[in-house]
Amino acid sequence: MSLVDSERRVLSGMRPSGRLHLGHYHGVLKNWIKLQHTYECFFCIVDWHALTTDYTAAGQLADNVMDMAIDWLAAGVSPSSATLFIQSQVPEHAELHLLLSMICPLSWLERVPSYKEQQELPHGRDLSTFGFLGYPLLQAADILVYRAGVVPVGSDQLAHIEFAREVARRFNHLYGREPGFEEKAEMAILKLGKKTATLYNKLRKAFQQEGDVEALETARALLKDQQTITLGDKERLFGYLEGGGKVLLPEPQPLLSEAPKILGLDGSKMSKSHNNSIFLHDSAVEVEEKIKRMPTDPARGHRTDPGDPANCPVWPLHQLYSSEPTRTWVEQGCKSGGIGCLECKGPVIEAVQQELIPLQARAADYQESPDLVRGILAEGAERARAEARETLTEVRLALGLNYR
Ligand code: TRP
Ligand code: SF4
């Protein structure tokens, strides 16, 4: 059994909805690319999640998965730093989902906000399915099966991560209490050696009696560094610290990206379904045409009418792409009516085109070698499976499913 340092392990997932746009790139992928150098990263194409809502479009799934994998790679997600894989190629996600479903109260699923919200959207799909109700539980399984402590997500996913934490807590509470837990924990403390044991006891007391959260953090760090005790003992001591049982499934933390929200061409959220996106594969001409067609501050009916960047969807693009002097030029020219909107859009068009050149060159390489992409995903699935299997071995044991 390998030691999982859950605070250094990242898992995130994305639904294969087709080609990616600038919102995905700036909002998600750039953050992943940063994380992949400092964390042990697992990035999952969640094809089962796509089926929970788009079960009538299953025929498109394979192409969408491939397109998304190519866009990830083109953006710079690196298979030598991170593990990229397809959810359905790691069946352990489904096994954990099933096992967690035994202990997940129906009411928890029914009260997740996205459950009602999605059903009320006018997309014409019938989402009163078992699979869709279980969406957050499948997501919890995605995370918990790797014992990932860090989950980079957008704010729309916070409720799902909180749900995963609650499920993990319930699981640990029900199954982390093996017979003789306290005795085993006390035995494990002795194995730490006298000095460390004394310190552990002191910190545990400070947390449990005085609620000293810093002591809890210090004790966790202390445990993490222990090389001489088994993983089982370590989990006992983590659990014992907080007064619970063994921590079988650590509770994940969300990691919100600081990236600015990139808005669509019309000023609302960039989304494929809003038809307001600049796609990573858009040609230079398409980029130019799309940005040229963008609406601007309605006050600027004539070229000489003054406007205000604050009322213009082009302005966020300047904030993302333009230098300080260019932004000053925009603000002054807009407010005085000194520049035209087409002129103002010029630097943004240029910047987006430049940004996409290297990305599209890499995408073309992968597009030409689909076997290379399949190989990356197959290898990723293998690496992911090895980790997921270890968790399942322990989970089965905890549930008494260890037949010989
Ligand atoms: N629900 C997420 C979304 O719609 C996708 C997702 C599935 C996910 N499993 C995950 C995200 C696990 C983070 C971790 O964006
Ligand atoms: Fe928008 Fe620029 Fe036109 Fe001002 S000048 S309204 S910022 S496009």
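The values are calculated or read from the model by the stated rules, or taken from the named source; none is laboratory data. Predicted model, so just to flag it, every value in this text is computed and none were measured. All Cβ positions, glycine included, derive from the backbone under ideal geometry; neighbour counts span all protein chains shown.
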Handout entry: Complete set of residues in region 325-343 that are within 9 Å of ligand 2 (Cβ to nearest atom) and closer than 12 Å to Pro309 by Cβ
Key = Val330, Glu331, Gly333, Cys334, Lys335, Ile339, Cys341
Handout entry: Complete set of residues in region 137-173 that are in a helix (DSSP H, G or I), near ligand 1 (Cβ under 8 Å from one of its atoms) and farther than 18 Å from Leu392 by Cβ
Key = Asp156, Gln157, His160, Ile161
Exercise for the section: Return yes when Arg327 is in the same structural domain as Leu96 (by TED's automatic domain parsing), in contact with a helix residue (DSSP H, G or I) (Cβ under 9 Å, 6 or more places away or on another chain) and part of a helix (DSSP H, G or I) and no when it is not. Expected result: no
Fill in the blank from the handout: Of those in region 1-37 that are crowded, with 18+ Cβ neighbours inside 10 Å and of a type in the set (D, E, K, R), the residue farthest from ligand 1 (Cβ to nearest atom) is Arg9
Practice task
Under 7 Å between Cβ atoms, at least 6 apart or on separate chains: pull out the pairs that start in region 100-128 with a residue that is in contact (Cβ under 8 Å) with a residue 60 or more places away in the chain and end on any residue that is among the charged types (D, E, K, R) and assigned to a helix (DSSP H, G or I).
Solution key: Ile103/Arg170
Problem - Residue in region 313-332 that is nearest to ligand 1 (Cβ to nearest atom), counting only those that are free of Cβ contacts under 8 Å to residues at least 24 places away in the same chain and surrounded by 14 or more Cβ atoms within 10 Å (Cβ to Cβ) - result: Trp315
Practice task
Mind listing whichever residues of region 283-324 are in a helix (DSSP H, G or I) and within 11 Å of ligand 2 (Cβ to nearest atom)?
Solution key: Ile291, Lys292, Pro309, Ala310, Asn311, Trp315, Pro316, Leu317, His318, Gln319
